[in-house]
Amino acid sequence: MTLLQVEHVTKRYRGGVLANDDICLDVAAGEVFGLLGPNGAGKTTLVSQVLGLLLPDEGTIRIGDVDAIADPAAARRMCSFQPQAAAPVDGLSAREAIELIGAIRGGRKATVRTRASELLDALDLADVADRAVPMSGGMARLTGFCMAAVVPGRVVVLDEPTNDVDPLRRRALWQEIRKVADDGAAVLLVTHNVLEAERCVDRLAIIGGGRVLAQGPPASLKAQLGAPLRLDCALDDPTNVPRLPAAITLSSVTGRRLLAHVQHHDVAAAVAWAQSAQDEGTIVEFSLTAASLEDVYARWVEAEASAA
Ligand SMILES: Nc1ncnc2c1ncn2[C@@H]1O[C@H](COP(=O)(O)OP(=O)(O)OP(=O)(O)O)[C@@H](O)[C@H]1O
Ligand SMILES: [Mg+2]
């Protein structure tokens with residue numbers, strides 16, 4: 001069942017920036033939908049319109065049966081939200097802030113208390129949850145997530161929930177994001193954490209210059225790359241890039257890192273080439289792995305940047 005439907009949304013700010021340009025996407029109950037794209041791509045602008053905080057110039061947004069443009073207050077009540085700038089309530093402990101939001105969102109006291117404890121335990125925050133001192137950046141971010149998840153809306157919007165969060169807590173956080181969707185919400189997730197998002201999202205859109213550049217499940221987007229494998233080389237000298245054999249397609253050279261696309265039947269040739277380049281000293285080390293969502297992201301974002 002589709003819970004969030006965005007159709008042809010266009011938004012130009014007063015200064016003239018076209019921040020969203022004909023964006024279409026939808027998110028179903030039980031789904032995590034990733035919104036990926038470089039800084040300034042228009043992700044937060046889109047999220048603000050979904051939440052009724054900003055009006056589109058054109059297009060429609062529906063949340064369940066509610067027209068979010070005609071009735072933004074009703075739409076907002078159906079959403080819970082973690083803003084990009086984490087803003088837990090000043091002077092409260094993490095637990096108090098989470099329980100307060102749970103109460104405001106209409107949760108029963110005992111249910112809210114239990115759910116707050118579950119979230120705090122899952123994210124390994126139980127020891128610090130009752131301190132009313134200024135929170136660290138990561139802790140504020142995690143508290144912001146718990147505030148969105150304690151009494152989740154039918155649509156849960158998370159704007160960069162994993163920023164500032166340490167690797168082990170991030171792992172737990174991805175699991176909790178997945179659980180929010182598994183419990184029936186439609187999750188719209190903005191993230192720069194492309195590699196980790198690949199394991200959590202069902203579908204995603206890559207946004208660039210305000211437009212949807214590509215959209216679909218990670219596997220189909222990777223299939224569109226046309227090469228299932230990636231050769232990743234560390235160059236000895238970034239100004240001395242060794243020539244690749246014809247069968248291997250150069251993807252990018254960024255500093256000392258060279259990436260190339262490889263087909264299954266060219267694996268032996270790719271490894272032989274990389275081995276000899278390593279013997280000659282032009283490559284320090286290399287690896288051959290399955291293409292990832294990061295390759296998909298780089299392809300679309302670099303193509304958009306060079307077209308702009
Ligand atoms: N209130 C505003 N007034 C004018 N321009 C704005 C406003 N907010 C954002 N912009 C511009 O709109 C574009 C999209 O910004 P937005 O915040 O949506 O990007 P984003 O994809 O969320 O980026 P980030 O990954 O850095 O959070 C940018 O060019 C930004 O400078
Ligand atoms: Mg943003």
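The values are calculated or read from the model by the stated rules, or taken from the named source; none is laboratory data. If you're wondering where the values come from, they're calculated on a predicted model, not measured in any experiment. We place every Cβ from the backbone using ideal geometry, glycine too, and count neighbours over all the protein chains shown.
Kindly check whether there is at least one residue in region 50-58 that is in contact with a Ser or Thr (Cβ under 6 Å, 6 or more places away or on another chain), assigned by TED's automatic domain parsing to the domain that holds E160 and within 16 Å of ligand 2 (Cβ to nearest atom).
For region 50-58, residues in contact with a Ser or Thr (Cβ under 6 Å, 6 or more places away or on another chain), assigned by TED's automatic domain parsing to the domain that holds E160 and within 16 Å of ligand 2 (Cβ to nearest atom): present.
Any idea which of G15, G52, G34 is near ligand 1 (Cβ under 7 Å from one of its atoms) and either buried (at least 22 other Cβ atoms within 10 Å of the Cβ) or in a loop (DSSP other than H, G, I, E, B) (or both)? Quick ask: steps written out before the conclusion?
Numbers: G52 fails: near ligand 1 (Cβ under 7 Å from one of its atoms); G34 fails: near ligand 1 (Cβ under 7 Å from one of its atoms).
The conditions single out G15.
So which helices (runs of 4 or more DSSP H) stay within region 118-232 end to end and still have 1 or more residues that are crowded, with 18+ Cβ neighbours inside 10 Å and either over 14 Å from the mean Cα position of the chain (by Cα) or not aliphatic (A, V, I, L, M) (or both)?
Counting at least 1 such residues, we get 137-149, 167-182, 218-223.
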Taking first residues from region 37-49 that are assigned to a helix (DSSP H, G or I) and second residues anywhere that are more than 6 Å from ligand 1 (Cβ to nearest atom) and of a type in the set (K, R), the pairs with Cβ under 6 Å that are 6 or more apart or on different chains are T45/K11
Residues of region 261-308 being within 14 Å of Q224 (Cα to Cα) and in a helix (DSSP H, G or I), in sequence order, are L293, E294, D295, V296, Y297, A298, R299, W300
Within region 102-117, residues closer than 20 Å to P83 by Cβ and part of a helix (DSSP H, G or I) come out as G102, A103, I104, A116
By residue number, the members of region 55-67 that are within 17 Å of V27 (Cβ to Cβ) and not in a loop (DSSP other than H, G, I, E, B) are G59, T60, I61, R62, I63, V66, D67
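Yes/no per residue for (1) under 25 Å from the mean Cα position of the chain (by Cα); (2) surrounded by 13 or more Cβ atoms within 10 Å (Cβ to Cβ):
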{"site": "D236", "(1), (2)": "no, yes"}
{"site": "N240", "(1), (2)": "no, no"}
{"site": "W300", "(1), (2)": "yes, yes"}
{"site": "A305", "(1), (2)": "yes, no"}
| said: Any residue at all in region 68-91 that's assigned to a loop (DSSP other than H, G, I, E, B), within 16 Å of ligand 2 (Cβ to nearest atom) and surrounded by 22 or more Cβ atoms within 10 Å (Cβ to Cβ)? | reply: yes
